[in-house]
Amino acid sequence: MTARLYVELCGRLADACGRMVELDLPAEEVPVSALFAALAAAYPALAPSIASGRVRACVNEALVGPDSPVRAGDEVALFPPVSGG
């Protein structure tokens with residue numbers, strides 16, 4: 001059984017694939033690290049950014065780590081590293 005997840009891409013991640021992508025998850029719940037791997041496989045333009053290890057995930061408006069669970073229906077956004085001055 002798969003679950004559909006919609007992921008908002010922010011900053012330069014959106015430049016690669018648009019503001020929103022969708023992904024079918026292999027299970028009802030996966031860790032963020034598995035979500036990143038699935039996104040890199042489904043959207044090769046995202047792979048270099050994800051491989052850098054610097055992309056951050058927000059799930060339901062909370063910044064989360066790689067072991068945090070993502071479930072179908074969660075609000076997920078990915079943010080690239082930013083710099084400012």
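The values are calculated or read from the model by the stated rules, or taken from the named source; none is laboratory data. Here the structure is a predicted model, which means the values were calculated and not measured. Every residue, glycine as well, gets a Cβ built from its backbone with ideal geometry; the counts of neighbours run over all protein chains shown. The protein model used for the area step is the full one, side chains on, heavy atoms only, and it has no ligands, DNA or RNA in it. Shrake-Rupley method; radii C 1.70, N 1.55, O 1.52, S 1.80 Å.
Observations
- Restricting attention to region 1-54, the residues that are of a type in the set (S, T, N, Q), more than 19 Å from ALA72 (Cα to Cα) and over 12 Å from the mean Cα position of the chain (by Cα) total 1.
- Residue check for LEU9: free of Cβ contacts under 8 Å to residues at least 40 places away in the same chain and open to solvent by less than 50 Å² (accessible area, probe 1.4 Å): no
The rows are residues; the columns are (1) without any contact (Cβ under 8 Å) to a residue 12 or more places away in the chain; (2) over 16 Å from GLU22 (Cα atoms); (3) small (Gly, Ala, Ser); (4) surrounded by fewer than 16 Cβ atoms within 10 Å (Cβ to Cβ).
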| site | (1), (2), (3), (4) |
| --- | --- |
| LEU39 | no, no, no, no |
| PRO44 | yes, no, no, yes |
| ALA47 | yes, no, yes, no |
| ARG54 | no, yes, no, yes |
| VAL59 | no, no, no, no |
| GLY65 | no, yes, yes, yes |
| PRO69 | no, yes, no, yes |
| VAL76 | no, no, no, no |
| PRO80 | no, yes, no, no |
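- Region 12-37, residues that are in contact (Cβ under 8 Å) with a residue 40 or more places away in the chain and surrounded by fewer than 17 Cβ atoms within 10 Å (Cβ to Cβ): ARG12, GLU28, GLU29
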